[in-house]
Amino acid sequence: MYAIRSARPDELHLLAAIEVDAFWALHDAGAVACEPTSLPIGVLRQSLEADLLFVAADVGDQPFGFLAGVAMADTVHIAEIDVVRDWQKKGVGRRLMQALIERARTRGASGITLTTDRHVPFNAPFYVSLGFRILDESERSAELTRILEREFEHGADPARRVAMALWF
């Protein structure tokens, strides 16, 4: 049993450990070859202040998953979504995504964007199951293109990395 809820300021320091644990699932799936990193605390604070930071919390109210969204023009961009490996493949990521989709719609956003690995089943194929589609270069905003380029500069494989969107 668990709950999806908005994150609290005193939980920000817990999210890096969740992100690092989830990183190893991506690593084992061949999506990344680098060392684990975590979102800067400033991005988490920005997400929290925009009311776009959600956690999955267990019965003891301890977070074991999170989704950090950031407002970009008239869209919401998913900066990060992670669930610890022990809780993966149990619908937690889907429920985190549904919470963000509902929040973005309520705010009047035109859609949600993200970048991800095109091949790992719990990445692009998962997002397709939620209604997202891969954007070609001409469909990407300048900011989304910059995000992808920064990921390439940090070692992401351009043949695997894609931008996706769910338009409302």
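What number goes with the only condition from (1) part of a helix (DSSP H, G or I); (2) within 16 Å of the chain's Cα centre (by Cα) that VAL162 does not pass?
(1)
Among (1) more than 24 Å from ILE101 (Cβ to Cβ); (2) surrounded by 12 or more Cβ atoms within 10 Å (Cβ to Cβ); (3) of a type outside the set (S, T, N, Q); (4) modelled with pLDDT of 95 or more, where does ALA16 come up short?
It fails just one condition, (4).
Filter region 94-137 down to residues that are at pLDDT below 95 and assigned to a helix (DSSP H, G or I) and give me whichever is surrounded by the fewest Cβ atoms within 10 Å (Cβ to Cβ).
So the residue we want is GLU137.
The values are calculated or read from the model by the stated rules, or taken from the named source; none is laboratory data. What you see is a predicted model, and the numbers here were worked out from it, not measured in a lab. Please note: Cβ atoms are built from the backbone with ideal geometry, for glycine as well, and neighbour counts cover all protein chains shown.
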